[in-house]
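The values are calculated or read from the model by the stated rules, or taken from the named source; none is laboratory data. Since this is a predicted model, take the numbers as computed values, not measurements. Counting neighbours? That spans all protein chains shown, and the Cβs are built from the backbone with ideal geometry, glycine included.
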Amino acid sequence: MDVHEQAHLWKLIYGFVDTLVVRSAVELGILDIINKNVKPMTVLDLASKLPISNPSSDRLYRILRYLVHVRLLKVTEVDGLKRFSIQPVAKFLLRDHDKSMVPIILGMTKKDFISSWHHIKDGLSDDGSTAFDKVMGMSFFEYLQENPSQSKLFNEAMAGETRLLTASLINDCKDIFQGIESLVDIGGGNGTTIKAISDAFPHLNCSLFDLPHVVTDSNDDHPRSNAFLLILHDWSDEDCVRILKRCKEAVAKEGGKVIIVDVALEEDSKHELNNARLVLDIDMLVNTGGKERSREDWEKLIKLAGFGGYKIRHIAAIQSVIEVFP
């Protein structure tokens with residue numbers, strides 16, 4: 001085994017370390033403390049401000065050294081002392097940043113959400129259940145309903161992810177929203193996305209509808225609109241077809257559309273976000289029973305739902321925008 005092979009395998013074996021070291025730094029507020037300081041900080045300066053008793057300067061230094069390694073901190077030496085400051089990318093891990101990813105890392109690395117990942121193999125059976133179902137004895141969304149504190153943390157994480165996505169959606173896709181008068185966000189969580197769209201496009205009559213399973217019901221009590229906004233990766237192919245069919249019934253026939261904001265996988269892509277997209281697909285496999293889909297997957301679902309055409313647009317985010325036309 002040569003050095004490159006060793007390095008590759010060690011990185012795979014210890015891949016969890018990056019995530020959990022960053023989580024610990026976020027929990028301790030290390031990046032926030034350094035950012036708020038006027039000058040780069042020494043280990044002893046930082047240790048005196050941590051919310052723990054009697055921190056070891058040696059142990060803290062080793063964490064800081066690792067944060068330098070993963071390019072969240074930079075270090076300079078002044079008068080023989082190492083001083084630490086944050087790298088530009090670390091601003092997204094500050095609690096008060098408007099696009100903070102703090103809720104995402106805290107939510108996704110919560111013990112209950114991590115435990116299902118230890119049982120990936122158990123979720124590969126074709127019995128309709130996920131690894132999460134088998135570990136927790138209930139579905140992911142049932143678990144959130146029964147655990148309000150975990151639901152709050154999860155919703156905060158999703159709102160953080162949504163803020164990142166929405167900025168790209170609004171900046172890169174202005175024309176998508178120009179030709180429509182009304183937009184319904186189906187399953188839009190706490191309304192972060194639809195509020196941002198409404199603020200950016202005041203001509204739109206925007207509304208928030210309930211969870212996507214609502215539109216699979218057989219009754220006629222569902223919204224009608226020029227356009228619907230959806231995220232479908234939490235749902236199976238069968239559920240997605242049912243949801244899309246209901247949207248087709250309700251959307252305007254002339255000038256109407258369904259706007260899906262989801263990953264469009266390209267398996268051999270060298271795009272720097274491709275790894276994150278593949279990770280999200282495994283996340284869906286483990287936790288919700290959904291999936292991330294390729295262009296071919298989307299085309300199949302859209303045709304099965306009876307739509308006439310579609311267009312995929314890539315934006316500066318993990319997700320793409322898929323416009324679907326009646």
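Annotations for the structure displayed:
- Given (1) surrounded by 22 or more Cβ atoms within 10 Å (Cβ to Cβ); (2) within 28 Å of C206 (Cα to Cα); (3) touching a residue at least 60 places away in the same chain (Cβ under 8 Å), index of the condition N287 fails: (2)
- For the range 6-46, a residue qualifies if it is crowded, with 16+ Cβ neighbours inside 10 Å, of a type in the set (V, I, T) and either within 26 Å of the chain's Cα centre (by Cα) or in a helix (DSSP H, G or I) (or both), and the qualifying residues are V21, V22, V26, I30, I33, I34, V43.
- Scope the range 168-194; condition crowded, with 16+ Cβ neighbours inside 10 Å, within 30 Å of K111 (Cα to Cα) and not hydroxyl-bearing (S, T, Y); matching residues: I186, G187, G188, G189
- In the range 235-277, the residues that are of a type in the set (A, V, I, L, M, F, W, C) and in contact with an Asp or Glu (Cβ under 7 Å, 6 or more places away or on another chain): I259, V263, L265
- Of all residues in the range 47-62 being crowded, with 17+ Cβ neighbours inside 10 Å and not hydroxyl-bearing (S, T, Y), the one that is farthest from F92 (Cα to Cα): P55
- In the range 198-240, the residue that is modelled with the lowest pLDDT out of those that are part of a helix (DSSP H, G or I) and crowded, with 20+ Cβ neighbours inside 10 Å is V215.
- Residue selected from the range 243-286 under the condition touching a strand residue (DSSP E or B) at 6+ places or on another chain (Cβ under 9 Å), part of a loop (DSSP other than H, G, I, E, B) and of a type in the set (A, V, I, L, M), by the criterion nearest to A227 (Cα to Cα): A252
- Whichever residue in the range 245-267 is free of Cβ contacts under 8 Å to residues at least 60 places away in the same chain and in contact with a Leu (Cβ under 9 Å, 6 or more places away or on another chain) and, among such residues, is nearest to I194 (Cα to Cα): V263
- The residues of the range 296-324 that are more than 24 Å from the chain's Cα centre (by Cα) and closer than 11 Å to L244 by Cα, listed by number, are K303, L304, A305, G306, F307.
- Top-ranked residue of the range 84-115 - restricted to ones that are outside any helix (DSSP H, G or I) and more than 16 Å from M158 (Cα to Cα), ranked as modelled with the lowest pLDDT: D96
- Screening the candidates L144, L153, L165, L93 for the property of being surrounded by 13 or more Cβ atoms within 10 Å (Cβ to Cβ) and more than 23 Å from W235 (Cα to Cα) yields one hit, L93.
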